[in-house]
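In what follows, a single structure is set out as structure tokens and then discussed.
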Amino acid sequence: MRRLLPLALLLGLTGCGLHPMYSGGTSGPVASTLARVEVAPIAGKAGWLVGSALRDRLSAMGGGTPLYRLDVTLDDQISGLGVNRSDAITRERRTLRARFQLVDLAKGTVLLDDTAGSDAGIDVVGSEYATIAAENSALENLSDTVADKIVQRLALYAHRTKTAP
């Protein structure tokens, strides 16, 4: 009986509607689409970090002549949260939001217009250097997170539309 339970669970999964996102490997529709996306320059330090992370993730899918352009606009904010008795800020929140558009280079049409974002908490300590280092570390981590979310949404778009070149 215990041997039949895992088999029954596996058989139940076949009808659940789940499909592999990257089926076909690098020649599949999702990887082929992602490999053909070029990332437009993004302004600022956060833009450089997000752009580099996006290029790293998209170039892992292969390469080829770009068919699509990814335009990204970032909003990077730091706001104070915690205040002690002497009205000094003790905690900050760094928020990185991205609006991105996938543009078809041949037609100039926007295929996907979406947003992605993430935030991180930062402790403000007595050392200004340590606080600045924590803010920079938070920005690096947020940039990776936002790039991952953008690539996930691009992959989902490619999977749903099966836009293989």
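Every number here is computed from the coordinates shown, using simple stated rules; none is lab data. None of the values given here were measured: they were computed from a predicted structure. Cβ coordinates were reconstructed from backbone atoms using ideal geometry, including for glycine residues, and neighbour counts include every protein chain displayed.
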Lys/Arg +1, Asp/Glu -1 at C-beta; segment 33-80 dipole; positive extreme among 51, 67, 77: 67
Cα→Cβ-extended label distance, 7 Å offset, between residue 109 and residue 67, nm: 1.4 nm
Lysines with Cα under 30 Å of residue 162, excluding same-chain neighbours fewer than 8 positions away: 107, 149
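All other residues with a Cβ under 15 Å from the Cβ of residue 45 taken together, and with Lys, Arg as +1 and Asp, Glu as -1, what is their net charge? Each step should come with its number before you reach the end.
Working: positive: 94; negative: 75, 76, 135, 140, 144.
Around residue 45, the surrounding residues sum to -4.
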Length gained when the stretch residue 148-residue 77 is fully extended (0.36 nm per residue, less Cα-Cα span): 23.6 nm
Centre separation in Å (Cα based) which lies between segment 104-129 and segment 28-75: 14 Å
Rg in Å to one decimal, and Dmax rounded to a whole Å, for segment 35-136 via C-alpha atoms: 18.0, 60
Virtual spin-label span in nm between residue 131 and residue 40, 7 Å along Cα→Cβ: 3.6 nm
